[in-house]
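Data first, discussion second: the structure below is written as structure tokens.
The values are calculated or read from the model by the stated rules, or taken from the named source; none is laboratory data. Everything numeric here is computed off the predicted structure, so don't read it as measured data. Here Cβ is always computed from backbone atoms with ideal geometry, including for glycine, and neighbour counts include all displayed protein chains. SASA here: full protein model, heavy atoms, side chains in, ligands and nucleic acids out. Shrake-Rupley method; radii C 1.70, N 1.55, O 1.52, S 1.80 Å.
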2 protein chains.
Amino acid sequence: MLRDSLKPITTSVQKELQGLLARENLSFLREDILCYSYDATNKIVPPEAVAFPETPEEISAILKLANLRGFPVVARGAGTGFTGGSLPVGGGLILSTERMKKIIEIDTDNLTAEVEPGVITGDLQAAVEKHGLFYPPDPTSFKFSTIGGNIAECAGGPRAVKYGVTRDYVLGLEVVLPTGEIIKTGGKTLKGVVGYDLTRLIVGSEGTLGVVTKAQLKLIAQPETRKMMLVKFAKLEDAARTVTGIIRRCIVPSTLELIDNASLRCVEEFTHMGLGGVEAVLLIEVDGRSESVEKDVLDIEGICKENASTEFRAATDKFEVRDLWKVRRSISPALKRLKSLKLNEDVVVPRSKLVELITGVEQISKERGVIIASFGHAGDGNIHVNIMVDKDDEEDCAKGLQAVEDVFKLTVSLGGTISGEHGVGTTKMPYINMELGAATIEAMKRIKEALDPRGILNPGKIFPAG
Amino acid sequence: MLRDSLKPITTSVQKELQGLLARENLSFLREDILCYSYDATNKIVPPEAVAFPETPEEISAILKLANLRGFPVVARGAGTGFTGGSLPVGGGLILSTERMKKIIEIDTDNLTAEVEPGVITGDLQAAVEKHGLFYPPDPTSFKFSTIGGNIAECAGGPRAVKYGVTRDYVLGLEVVLPTGEIIKTGGKTLKGVVGYDLTRLIVGSEGTLGVVTKAQLKLIAQPETRKMMLVKFAKLEDAARTVTGIIRRCIVPSTLELIDNASLRCVEEFTHMGLGGVEAVLLIEVDGRSESVEKDVLDIEGICKENASTEFRAATDKFEVRDLWKVRRSISPALKRLKSLKLNEDVVVPRSKLVELITGVEQISKERGVIIASFGHAGDGNIHVNIMVDKDDEEDCAKGLQAVEDVFKLTVSLGGTISGEHGVGTTKMPYINMELGAATIEAMKRIKEALDPRGILNPGKIFPAG
């Protein structure tokens with residue numbers, strides 16, 4: 001929703017903002033405006049100003065002023081999102097959390113960490129690892145993306161199949177509500193049912209219900225050992241059937257990624273691992289106690305063979321593990337060499353529908369005449385369908401958008417969801433009524449309205465106008 | 001919140017209700033009124049009528065009428081709650097889900113189950129077990145309590161330390177909103193971030209934000225094997241230290257229960273296992289692959305010895321396992337023989353604060369002159385503190401209530417929460433502002449108001465008036 005009543009940041013509002021923040025924490029400079037006007041959607045949407053607050057109190061003051069003067073405020077982590085969540089589509093102020101990046105505490109007795117929102121996910125992972133601990137959520141952007149952004153989008157990653165998503169690791173939050181009140185939700189305890197679950201309402205709300213200023217996160221033990229496998233298949237369906245076979249046998253790998261031929265061909269240029277002609281690959285990792293890992297590897301090898309795998313390879317040392325991960329990690333950059341624009345859609349289907357999804361997507365690719373490369377978290381039914389188009393070719397882009405809509409229709413018809421981890425933002429906004437009924441959307445809007453009556457926080461996202 | 005504007009069910013409203021439901025699905029009989037006027041708090045609060053709807057559409061029609069005429073509606077599962085959540089404190093209609101008890105689907109490919117709200121938790125567990133599957137949430141009332149009630153309260157149980165609580169197993173819901181709209185949230189997929197997380201907002205909202213009419217639940221694999229241990233300690237602190245020792249060593253038992261001397265003395269009458277003189281017992285279960293279970297048992301035995309355990313016993317057959325569980329399961333009934341009223345408070349503290357909580361509770365028991373028996377889910381810091389009073393002795397009851405307040409103050413001062421799994425209902429309502437700030441409560445009330453503007457659904461719960 002983007003209201004007509006929202007207003008630009010006038011010269012007098014600029015002055016009021018200057019009164020709230022130290023000189024170096026606020027900018028109206030063109031170069032800063034430009035730096036904070038993009039995300040991973042490749043769209044450029046400039047804000048009118050950029051703030052770099054350091055405390056929840058500063059954020060509170062900004063939001064109170066925004067309510068008074070009616071200008072939009074958009075919180076931003078690292079801008080790695082795929083759906084436009086951090087783009088200031090209604091103008092206004094970007095509120096960057098990059099100067100709030102303290103790891104406040106790593107509590108090795110209670111297995112928790114308290115962090116500020118600007119902490120980079122990978123930095124937190126490295127810090128807890130030093131204590132033998134583990135923060136599992138691992139969006140592919142983990143080297144850049146922030147915990148605050150991960151919370152806003154409920155980020156997932158390859159390990160979600162076993163370890164769950166960001167939501168499953170957030171115990172409590174400090175949040176500045178759109179109207180400026182600083183509240184605490186949840187806490188340091190594993191359980192807690194006093195009042196409504198505001199913690200999980202904020203997680204995944206795409207920065208529209210509050211600005212997270214602190215998070216209490218759950219940590220777990222580093223698994224004793226890990227084992228990585230790469231399995232080749234002559235048919236994509238065989239690979240998909242292997243995924244459902246593993247799940248049906250109730251084995252839970254820590255990673256269960258599928259990569260299709262279109263992706264493999266691109267990756268081959270980087271890796272030279274002889275993957276170019278392979279129809280499909282599964283990348284599988286299991287972790288846990290050494291004894292059970294060995295047993296899992298044997299069981300998985302058996303299931304792969306039952307499903308006509310053509311090659312099964314288990315990494316024998318850390319260098320080989322690195323090489324196998326390189327296959328997965330190089331897909332995204334590799335695809336970008338194919339076409340200038342990657343429409344990355346993170347659809348999810350019930351795992352038994354994987355074969356139908358993947359064959360359906362192949363059909364769409366043929367019908368619409370666009371290249372589609374599919375890969376991703378097959379273990380939880382979450383496939384990244386990448387529709388590749390030339391961004392300067394209008395016809396190609398139009399075909400791509402038609403293919404996106406086809407893929408969403410297919411997904412919903414299979415009982416799936418159009419977003420597993422990227423969120424709705426602006427790019428999926430036109431499609432949410434494919435998945436959500438009018439009354440569901442209305443209930444969500446009523447909650448938004450209740451917490452942000454003037455509609456100043458990240459407007460123009462999730463809900464189509466009207 | 002209980003509004004003055006709520007109205008009784010008049011004769012003409014009775015007739016309107018009769019128009020909505022089959023004759024056998026609605027009762028104004030005194031015997032029915034009585035049967036639906038209690039829960040586990042021992043309080044008697046009679047409704048004005050009882051409905052037994054069979055479809056979401058019937059519930060929708062009832063709620064629309066309730067909005068029109070202003071009478072309260074309170075959904076009810078099995079009435080096993082400890083905090084008054086299902087008591088019709090504002091009068092009105094009890095909406096029993098007991099005729100909506102179909103297990104609609106157990107999907108062995110996707111590891112999900114779809115159920116109606118009246119399904120008994122234990123029945124679902126038995127049904128999925130036949131397929132080698134596992135629905136972990138196990139509130140002690142699991143033989144009677146319903147999935148709908150478990151969802152309303154976000155029920156936990158002994159296994160929560162490893163497997164999490166009800167929230168972690170709810171993938172999607174069909175909900176009738178207070179205003180009568182039937183909505184769907186989430187779905188059959190493991191991931192999904194389209195719009196706000198209404199699923200988790202409904203879970204634990206104590207029947208105040210909607211009536212659940214279907215739930216899509218996540219199942220997991222039955223663990224290959226389980227091993228049960230009972231460990232005795234000469235000091236309560238040693239047992240508590242063992243708990244934190246196990247957690248710090250990053251072992252995650254499937255059950256890690258602590259039982260104090262006051263509880264053991266009562267239990268001894270039932271079990272005759274020589275526990276009467278023991279200061280504290282830990283009941284520990286580990287599960288998983290056989291090889292890793294054996295390793296866990298050895299590690300745990302070592303940690304127990306480091307912390308001065310006086311006896312370590314691992315069950316060798318299923319009969320012994322049954323006996324050890326009997327120790328835990330007989331505590332609640334056994335305590336009731338001690339005094340007629342058990343004020344069961346399910347406080348939670350960060351696990352490292354267990355010793356402080358337990359010694360603090362002992363101190364409160366001495367100071368207030370009331371018997372307090374503590375036991376429960378030590379592994380996640382969730383101790384059931386049972387303040388035992390004679391319900392016909394006013395002075396004893398007053399002392400008990402003072403002790404409750406002391407325990408809550410202590411808990412909050414240790415960074416804990418006053419409810420881990422029972423909810424607020426009416427019994428903890430006077431205390432929520434010990435834990436939640438005014439702005440947090442205000443945000444929750446705004447959400448309640450947004451979804452239930454007339455305040456007809458389960459009024460008088462969670463939020464103190466004013």
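Data table
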item: In sequence order, calculated HN-Hα J values of segment B:14-26 (Karplus, 6.51, -1.76, 1.60; Hz; x Gly/Pro); result: 3, 5, 5, 4, 4, x, 9, 10, 4, 3, 6, 9, 8
item: Shortest-first distances to equivalent copies, position A:GLU320, nm, label 7 Å out along Cβ; result: 4.2
item: A:GLU405-A:GLU57 pseudo-label distance in nm [points 7 Å out on the Cα-to-Cβ vector]; result: 5.2 nm
item: Net charge of neighbours whose Cβ lies under 12 Å from the Cβ of A:VAL293, counting Lys and Arg as +1 and Asp and Glu as -1; result: -3
item: Efficiency of FRET between B:ALA127 and B:LYS366 - r from beta-carbon atoms, R0 60 angstrom, step 0.05; result: 0.80
item: Exam field: B:ASN433 pseudo-label spacings to other copies (7 Å along Cα-Cβ), nanometres; result: 4.4
item: Only Lys, Arg (+1) and Asp, Glu (-1) charged, at Cβ; segment A:132-222 dipole about Cα centre in debye; result: 340 debye
item: C-alpha long axis of helix A:394-413 to longest principal axis of chain A, angle in °; result: 80 degrees
item: Chain lengthening between B:LYS143 and B:ASP390 when straightened (0.36 nm per residue, less Cα-Cα); result: 86.2 nm
item: Other copies of B:GLY369: label-to-label distances in nm, shortest first, labels 7 Å along the beta-carbon direction; result: 9.2
item: Ellipticity estimate at 222 nm from DSSP helix runs (n ≥ 4, -39,500 (n - 2.57)) divided over chain B, nearest 500; result: -10500 deg cm²/dmol
item: Cα-centred dipole magnitude for the protein assembly as shown, charges only on beta-carbon of K, R (+1) and D, E (-1), debye, nearest 20; result: 760 debye
item: Taking the C-alpha atoms of the protein assembly as shown, convex hull volume expressed per residue in Å³; result: 166 Å³
item: Spin-label zone in segment A:354-397 - amide nitrogen under 16 Å from a point set 7 Å from the Cα of A:SER413 along the C-beta vector; result: A:354-368
item: Cα gyration tensor shape of segment B:305-363, rounded if a/c is under 1.5, else prolate or oblate by comparing a/b with b/c; result: oblate
item: With Cα atoms, 0 to 90° folded angle of helix B:56-69 axis to chain B main axis; result: 60 degrees
item: A:MET434-B:ASP109 FRET efficiency (beta carbon distance; Förster radius 30 Å; 0.05 resolution); result: 0.80
item: Separation of the B:GLU442 and B:ALA221 label points, Cα + 7 Å toward Cβ, nm; result: 5.1 nm
item: Complex-versus-alone comparison for segment A:181-199, residues with a loss of 40 Å² or more in accessible area, probe 1.4 Å; result: A:THR189, A:LEU190, A:LYS191, A:VAL193, A:VAL194, A:GLY195, A:TYR196, A:ASP197, A:LEU198
item: Charge-dipole axis of chain A as Lys and Arg at +1 and Asp and Glu at -1 on Cβ define it, positive-most pick from A:THR213, A:ALA66, A:LEU275; result: A:ALA66
item: Magnitude of the charge dipole, segment A:300-359, Cβ model with Lys/Arg +1 and Asp/Glu -1, debye to 20; result: 420 debye
item: Radius ratio Rg over Rh of segment A:190-337, counting only Cα atoms, Kirkwood formula for Rh; result: 1.08
item: Helix axis angle, B:236-248 relative to chain B longest principal axis, alpha carbon, degrees; result: 80 degrees
item: Contour excess over end-to-end distance, with Cα ends at A:GLU279 and A:GLU24 and 0.36 nm allotted per residue; result: 86.4 nm
item: Selected from A:GLY148, A:ILE120, A:PHE134, residue furthest toward positive end of dipole (segment A:120-187; charges at beta carbon); result: A:PHE134
item: Cα-only Debye scattering, chain B: base-10 log of I(q)/I(0) at q = 0.06, 0.12, 0.14 Å⁻¹; result: -0.27, -1.07, -1.38
item: Using a Förster distance of 35 Å, the FRET efficiency for B:THR11-B:ALA465 (Cβ separation, nearest 0.05); result: 0.75
item: P(r) histogram, all alpha-carbon pairs of segment A:103-221 included - 10 Å bins from 0, percent; result: 15, 50, 31, 4, 0
item: Equivalent ellipsoid semi-axes - Cα gyration tensor, segment A:283-396, angstrom; result: 32, 18, 12
item: The protein assembly as shown: antiparallel DSSP beta bridges as a percent of all, rounded to 5; result: 90 percent
